[in-house]
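Comments concern the structure below.
We did not get these values from a lab; they are worked out from the coordinates using the rules stated. Being a predicted model, the structure only gives us computed values, none of them experimental. Heads up, the Cβs are rebuilt from the backbone with ideal geometry, glycines too, and the neighbour counts pull from every protein chain shown.
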Amino acid sequence: MIDPIALGLETYTVSGDEVQVLCPFHDDHKPSASFNMAKGLFYCYACGVAANARKLSIELGTNIHTLKDASILEKIQDEKEWRQLLYSPLAIDNEYLHSRGVTNDQIRHWQIRHFDERIIFPLYRPSPTICGVQERITGGSSAYRYIVHGDKPPLWPLDDSFYSERRPILVEGVFGALRLRSFGVVAFATIGSQVTNRLIRALNGRTPTVWYDNDYAGYVGSAKLLLGSNAVAIVSDTPPDECPDRDFMERVLERYEKTTSLERLSELSGASKRFKSHINRWNHKSQSRSR
């Protein structure tokens, strides 16, 4: 069974192997096309375009993935729910976003939206295809501040600028990336300090500068990137999303300690024994997967 969501198709109802989808080849506002997940065949009843999965992946700049039947149905149901958030109003003049230094121009550019007491960040593949959303809960009693729906890309935003950067700056979250970009620095968020082998593969030989929060999770994430991609970690008491202005940011980038030492990160973590055990387990698993 071929996953229509990974191909970049916006899915609706499912009947057997057939799923109704919006046609990406014309301005489609209700599902005019169908995709046969077993055969990998697409057909639009409105504009007449027919394509197989390989042609779709080329046209849409996406990948072909196969899943079990139940997994596909679950993903399609989940997508129907989170895609509704993309029709929420743009978060122009949102008080919370402005308190975090996010500009209206950035809100328009990245199509950041708000719904109830939530900020909605679209998550993109390396193409214009939206593969999920991240919610920032700004009110209520939720146990979580951030919730991701759909597919979580290894970096945000994974846009064209990433491919021209040999030493990208990586930060922990979208607010750090947006703050540095407002100062003219091309930065990317790892959507939290969870560094995975998928992120290492996405870096594809790039050697990032890592500016994570000054806490245990931040130093662990930095250490994984040191091991996996020869990163350099910035040691700063101020996280990137709290930089007050460009001058302060430049002082951090130029003058604060930079390290490639696991021992130094272990010392800074405040829990050296736990840190070393954590990193050793991760390194062992990573090496096992690469064999």
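Brief remarks on what is shown
- Extending 7 Å from the Cα toward the beta-carbon at both Glu74 and Arg108 defines two label points whose distance is 4.1 nm.
- Proximal aspartates and glutamates to Lys55, defined as alpha-carbon separation beneath 16 angstrom and excluding residues fewer than eight positions away on the same chain: Asp3
- Gain in span if fully extended, Ala38 to His98, counting 0.36 nm per residue against the direct Cα distance: 16.9 nm
- Cross-link pairs Lys80/Lys152; Lys80/Lys224; Lys39/Lys80; Lys75/Lys224; Lys39/Lys75; Lys152/Lys285 - those with Cα-Cα distance over 25 Å: Lys80/Lys224; Lys75/Lys224
- Residue separation of Val232 and Asp247 scaled by 0.36 nm, minus their Cα-Cα distance, works out to 3.3 nm of gained length.
- For the stretch 11-84: relative contact order, % (alpha-carbon pairs under 8 angstrom, 6 or more apart): 21 percent
- Annotation: amide H-H contacts under 5 Å for Cys131 (H modelled 1.01 Å from N, sequence separation of 5 or more, or interchain): Leu123, Tyr124, Arg125.
- Normalised by the number of residues in the chain, the average gap of Cα pairs under 8 Å and 6 or more apart makes the relative contact order 10 percent.
- Cα shape, the stretch 157-216, gyration tensor, a/c 1.5 rule: oblate
- Cβ-based net charge around Val21, under 10 Å, with every Lys or Arg adding one and every Asp or Glu removing one: -3
- For the stretch 144-277, the Cβ-based charge dipole about the Cα centre amounts to some 540 debye (Lys, Arg positive; Asp, Glu negative; other atoms uncharged).
- Computed over neighbours whose Cβ is under 12 Å from that of Arg281, the net charge equals +4, Lys and Arg +1, Asp and Glu -1.
- Basic side chains Lys and Arg get +1 at the Cβ, acidic Asp and Glu get -1 at the Cβ, and with that the dipole of the chain about its Cα centre reaches some 1260 debye.
- Value at 222 nm in deg cm²/dmol, rounded to 500, when DSSP H runs of n ≥ 4 in the chain each add -39,500 (n - 2.57): -10500 deg cm²/dmol
- Whether the stretch 88-152 is rounded, prolate or oblate, judged on the alpha carbon gyration tensor where a/c under 1.5 counts as rounded: oblate
- Antiparallel DSSP beta bridges within the stretch 154-290, percent to nearest 5: 35 percent
- In the distance distribution for the chain, Cα-Cα pairs more than 26 Å apart total 51 percent.
- Fully extending the segment from Arg201 to Asp116, taken as 0.36 nm per residue of separation minus the present Cα-Cα distance, adds 26.9 nm.
- Estimated FRET transfer efficiency when R0 is 35 angstrom, pair Ser88-Lys273 (beta carbons, to 0.05): 0.15
- Shape call, the stretch 154-290: gyration tensor on alpha carbons, a/c limit 1.5: oblate
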